[in-house]
Structures are given as C-alpha cells and as structure tokens.
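Structure below; questions to follow.
Read the figures in this text as sums done on the coordinates, not as results from a lab. Values in this document were obtained by computation on a predicted structure and should not be read as measured data. Here the Cβ positions follow ideal geometry from the backbone for every residue, glycine too, while neighbour counts run over all protein chains shown.
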Amino acid sequence: MRTTELLTIGEAAILLRFSRRRVLDLCARGLLPYVSLGPQRRVRRADVEALIHPVLTRTELEQLWLHQAIAARFMARPAAVLALTEINLRRLRRLHAGGPEWESLERWDALLGGEPEAVIEALTSPAQYAVRLRSTSPFAGVLSERERRSVLDALTESRCDQARPLRPASLERVMRAV
C-alpha cells in the first residue's frame, strides 16, 4: 500500500467512518491537508491513516493537528507567516545555542528558505522526521488562542467519534477490576 496515494473525499470518509461533510470540514479547517485537482479535493492516504491509527503520542498528535491548521494559514498568507517564523527562529536560536534543538532549528531555517511544498510537508506529515521538527516549531503565534482551542477541540471530538462502546461483559469486568 502506497502512503503517497491520493484518495477522494468519499474514500477518505469511508476509511474514517465520517460523513463526506465532516471530511470536507476537516479539510476546510486545515486539519486534514488536501490538494485540489480541478473542482475536486484529494487527501493523502498517510494523513487519513494517521487519523485512523495514530502511532503518535497524544502530544505529537496535538502538534500535528495544530501544524495542519498552521499549514492552512501558511498557504493563505505565506509572507505573514514567514515573517513571524523568522522572528521566532532568531529568538529560539538565542535560547538554544548549541543545544540539541539547534539541528532542528537549522532544518527549519533551510525549509523556510526553500520551496513552500517542503514546508507544508513538514507541517502536515505524520512521518517521524516531521514529528521531530514540529517539537521545535518556530510557528508560535501563527494561530490565535481561540483557533488553537478550536483545533484541539476538533481533535478531541474526532477521537470520541472513533471510540466504540464497551460490550456489557467487558464493562462488568472493568468495573470489577476497579
């Protein structure tokens, strides 16, 4: 199975067990990256699978969702986002001079000076290199506190939708153990 495969919104909805409207809402809010092919949207299979079977810790998953929203802001207003990240990078370099975070900060600097597609990939990919980069993110302040809360609430809501109720026998066993 190729992880770079692009899925239609309908295919993603089937895999996620969401409605098409819900998947479109995730895309519109920047929480599920997509590409437009004419009038249609496509999402990467890897991004959909990361929502289904997160192999990320809760913190890494929160960072991924927040950075997906940042990616949407970056696509809408790249100059403003780049100006803010440049300021943040200078500040972070002063704070972490020679520390273990330095390599990630250098990588961000190179990415931000390059192609926008590489920045979007680092912001939205569930791959381990991107997870490490996001742990030293220079994107503080791109989202307002209200926007951050909205993204985190959407993450919580999506995880609740995927939860399955316990069978009565399992519930009884858990309750006896407690």
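Net charge within 12 Å of LEU123 by Cβ-Cβ distance, Lys/Arg positive one each and Asp/Glu negative one each, not counting LEU123 itself?
For residues surrounding LEU123, the net value is -1.
For LEU66, LEU7, LEU37, what ranking results if the residue with the fewest other Cβ atoms within 10 Å of its Cβ goes first? Don't jump to the answer; show the numbers that get you there.
Details: LEU66 23, LEU7 20, LEU37 10.
The fewest-first ordering by Cβ neighbours comes to LEU37, LEU7, LEU66.
Helix 102-112 against the longest principal axis of the chain: what's the angle in degrees, Cα atoms only, rounded to the nearest 10?
The angle comes out near 90 degrees.
Could you list THR8, THR156, THR124, THR85 so that the one with the fewest beta carbons within 10 Å of its beta carbon is first and the one with the most is last?
Numbers: THR8 15, THR156 12, THR124 28, THR85 24.
Listed from fewest to most nearby Cβ atoms, that is THR156, THR8, THR85, THR124.
Treating the angle as unsigned and between 0 and 90°, give the value, to the nearest 10°, between the Cα long axis of helix 78-95 and the longest Cα principal axis of the chain.
80
Please give me the summed charge of the neighbours of LEU111: other residues whose Cβ is under 14 Å from its Cβ, Lys and Arg +1, Asp and Glu -1.
Taking every Cβ under 14 Å from that of LEU111, the sum is -4.
So, one more: Using the Karplus curve 6.51 cos²θ - 1.76 cosθ + 1.60 with θ = phi - 60°, work out ³J(HN,Hα) for each residue of segment 57-71 in order, rounded to whole Hz, and write x for Gly and Pro.
5, 4, 5, 5, 5, 4, 4, 4, 5, 5, 6, 5, 5, 5, 4
When GLU121, GLU115 are ordered from fewest to most other Cβ atoms inside 10 Å of their Cβ, what list results?
Details: GLU121 17, GLU115 9.
Least crowded to most crowded, the residues run GLU115, GLU121.
Using only DSSP helix segments of four residues or longer, with each worth -39500 (n - 2.57), what per-residue ellipticity at 222 nm results for the chain after dividing by its residue count and rounding to 500? Don't jump to the answer; show the numbers that get you there.
Values: 10 runs with 117 residues, N = 178.
Only helices count here, giving -20500 deg cm²/dmol.
Take the alpha carbon atoms of the chain, find their radius of gyration, then divide it by 2.2 N^0.38 Å using N residues; give the quotient.
This ratio for the chain stands at 1.16.
How much length would be gained if the chain were fully extended between ARG149 and HIS53, taking 0.36 nm per residue of separation minus their Cα-Cα distance, in nm to one decimal?
That pair, ARG149 and HIS53, stretches by 32.3 nm at full extension.
Given C-alpha coordinates of segment 57-158, what is the ratio Rg to Rh with the Kirkwood estimate of Rh?
Across segment 57-158, the Cα-based Rg/Rh ratio is 0.95.
Give, as a single signed number, the net charge of other residues whose beta carbon lies under 15 Å from the beta carbon of PRO138, with Lys and Arg counted +1 and Asp and Glu -1.
Charge balance near PRO138 sits at +3.
How large is the Kirkwood hydrodynamic radius of segment 1-53, counting all unique pairs of alpha carbons, in Å?
10.8
Quick one: what are the phi-derived ³J(HN,Hα) couplings along segment 121-136, Karplus 6.51/-1.76/1.60 with θ = phi - 60°, whole Hz, x for glycine and proline?
Karplus-based 3J(HN,Hα) across segment 121-136 equals 4, 5, 6, 10, 7, x, 5, 4, 4, 6, 4, 5, 4, 5, 5, 10 Hz.
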